[in-house]
Amino acid sequence: IGVFRHLDASLPAGEVDALQRILPQRLADTIPQIAEGLEGRMPPGKRQALLTLLVDVVLSLLEVLRKRTAILIVLQLEYGTNLFVKTLECFKPFWGVVTTLAKVAEDVAEGSDKPVVMAMLVKNADKNHPIVKRALHKTWFVEVHELPEKIAREYIAKYLQAPVDMVPPPLMKFIYKVSLGVPLYIRECVDQLLKNGYITLGRGAGGKVESVSDTGDLESINIASWGQTAMVGNTICELESLAPLQAAVLKMGTCFAGPFTLPDLAASSCARWAGATHFDYLRLYRAIQDLVTRGLIESSNRDNLEECGSPLGPSSPSGQNLGSSVHFSALQTFEMRNMLVRKVAGSMVLEAQKKAVKRQALIHRALSRRLPSRMDELRAKRRQPHIPWYYEHVLPMDAS
């Protein structure tokens, strides 16, 4: 409707009144249903039918517009929390709209002075869809990645309207680590730092930036309180979409400043004297691998034992002693390097819980180093299949 108003300034200001003038005659009787949808009075059971109707209306308006001017159609698919894979089926209406509107662009002759271009912004494109396959074939498919650190530094300085050399390197590094190199996140992070007084811009005559300074205590900033930003909101949605065990593993991972292992997490989450400890370890390992696949934590291949010896971080004296354990060095290690996820997920864990997780991990490493023979017996016991007492004793008696 806005495009029609641009071409004809005499159109009424009201959406419904404007539709009465520009809609084709065959769709004139659908205006009452469209008005209900625009006013939010459409019952939930009829929303799918309303979407189909609106697509037909948009298609008809595009058919009229393409004879008068060039058109750019932009479709964007956004989603937050999805608890199960089957909920992805709710995206089918979007791809149905894509298929329908693509017909308008396909009917335009190549080289026309009034082209119709359709652009889709999708987080995870369905590469089995015919339109996406065609885009891949014609090299129209563009994957957008995070900015490299060098380019991100230039982007930060440009957004601050200051030379690159004027911005303090620690501030640059902090913004890049928090924003993950995403331009939108960079702008949001800079805006929040300016708003809360963590960054000060010194301006001279004419408003030109002459100095950039920060408070110096950037690591203590509570980034999780920026809930109105897309970077924190999207991170919270991703955390909420995790299964309970995955969420617990991720939150425990924020307690470790450096690499951690499966036994470090199991020391706090698996019952030490239960019979099904081996199965608990498998469930925990599966949750870790799911998080690695999602990119929330990373598999660490460090061989330096002094670096990965302590869950408290490489600077911990006790960690350097425990790091000499041969058993620890033989285990696969994981690390949370995503600072945004660490800050947001870490805000959901109490300080007492963080200390408890670290303490349990240190105790387990100390026992593995000081009492290796007893720990070997315990590991051998865990490998034995667990048979519940009822099935081993009571059930055979009842059968006999």
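How about the range 136-153: which of its residues are surrounded by fewer than 14 Cβ atoms within 10 Å (Cβ to Cβ) and under 23 Å from LYS177 (Cβ atoms)?
Within the range 136-153, GLU143, VAL144, HIS145, PRO148, GLU149, LYS150, ILE151 qualify.
Pull out all pairs, ordered by first then second residue, where Cβ-Cβ is under 8 Å, the residues are six or more apart or on different chains, the first lies in the range 164-183 and is among the polar types (S, T, N, Q), and the second is surrounded by 15 or more Cβ atoms within 10 Å (Cβ to Cβ).
Correct list of pairs: SER179/ALA152; SER179/TYR185; SER179/ILE186; SER179/GLU188; SER179/CYS189; SER179/MET231; SER179/LEU340.
How many residues are β-branched (Val, Ile, Thr), without any contact (Cβ under 8 Å) to a residue 40 or more places away in the chain and touching a strand residue (DSSP E or B) at 6+ places or on another chain (Cβ under 6 Å) if we restrict to the range 186-239?
Of the residues in the range 186-239, 2 are β-branched (Val, Ile, Thr), without any contact (Cβ under 8 Å) to a residue 40 or more places away in the chain and touching a strand residue (DSSP E or B) at 6+ places or on another chain (Cβ under 6 Å).
Take TYR159 and tell me if it is surrounded by 14 or more Cβ atoms within 10 Å (Cβ to Cβ), of a type in the set (Ser, Thr, Tyr) and out of contact with any Lys or Arg (no Cβ under 7 Å at 6 or more places or on another chain).
Working: surrounded by 14 or more Cβ atoms within 10 Å (Cβ to Cβ): yes; of a type in the set (Ser, Thr, Tyr): yes; out of contact with any Lys or Arg (no Cβ under 7 Å at 6 or more places or on another chain): no.
Against the criterion (surrounded by 14 or more Cβ atoms within 10 Å (Cβ to Cβ), of a type in the set (Ser, Thr, Tyr) and out of contact with any Lys or Arg (no Cβ under 7 Å at 6 or more places or on another chain)), TYR159 does not qualify.
Among the numbered criteria (1) modelled with pLDDT of 90 or more; (2) open to solvent by 80 Å² or more (accessible area, probe 1.4 Å); (3) among the hydrophobic types (A, V, I, L, M, F, W, C), which single criterion is violated by ALA205?
Just one mismatch for ALA205, condition (1).
Do we find a residue being open to solvent by 90 Å² or more (accessible area, probe 1.4 Å), in a loop (DSSP other than H, G, I, E, B) and modelled with pLDDT under 75 anywhere in the range 367-380?
Looking for residues that are open to solvent by 90 Å² or more (accessible area, probe 1.4 Å), in a loop (DSSP other than H, G, I, E, B) and modelled with pLDDT under 75, one finds none in the range 367-380, hence no.
In the range 190-200, is there at least one residue being surrounded by fewer than 19 Cβ atoms within 10 Å (Cβ to Cβ) and more than 24 Å from ARG342 (Cβ to Cβ)?
Yes, the range 190-200 contains at least one residue that is surrounded by fewer than 19 Cβ atoms within 10 Å (Cβ to Cβ) and more than 24 Å from ARG342 (Cβ to Cβ).
Scan the range 321-359 for residues that are more than 22 Å from CYS189 (Cβ to Cβ), modelled with pLDDT of 85 or more and open to solvent by less than 60 Å² (accessible area, probe 1.4 Å) and jot them down.
THR333, PHE334, GLU335, VAL349, LYS354, ALA356, VAL357, LYS358
Which pairs do you get when a residue that is more than 14 Å from ALA266 (Cα to Cα), found in the range 348-368, comes within reach of a residue that is modelled with pLDDT of 90 or more and surrounded by 15 or more Cβ atoms within 10 Å (Cβ to Cβ), reach meaning Cβ atoms under 7 angstrom, with the pair 6+ apart or on two chains?
From residues that are more than 14 Å from ALA266 (Cα to Cα), the pairs are MET348/LYS251; VAL349/LYS251; VAL349/THR254; VAL349/CYS255; LYS354/CYS255.
Looking at the range 1-28, I want the residues that are under 15 Å from LEU54 (Cβ atoms) and outside any helix (DSSP H, G or I) and have a partner that is of a type outside the set (S, T, N, Q) and open to solvent by 50 Å² or more (accessible area, probe 1.4 Å) with Cβ atoms under 7 Å, at least 6 apart or on another chain. Which pairs are those?
ILE1/GLU15
Would you mind telling me which numbered condition in (1) in a loop (DSSP other than H, G, I, E, B); (2) surrounded by 14 or more Cβ atoms within 10 Å (Cβ to Cβ); (3) out of contact with any helix residue (DSSP H, G or I) (no Cβ under 6 Å at 6 or more places or on another chain) GLY40 fails?
Result: GLY40 passes all but (2).
The values are calculated or read from the model by the stated rules, or taken from the named source; none is laboratory data. The shown structure was predicted, so the numbers you read here are calculated from the model rather than taken from an experiment. Glycine also receives a Cβ, built like all others from the backbone with ideal geometry; neighbour counts cover every protein chain displayed. SASA here: full protein model, heavy atoms, side chains in, ligands and nucleic acids out. Shrake-Rupley method; radii C 1.70, N 1.55, O 1.52, S 1.80 Å.
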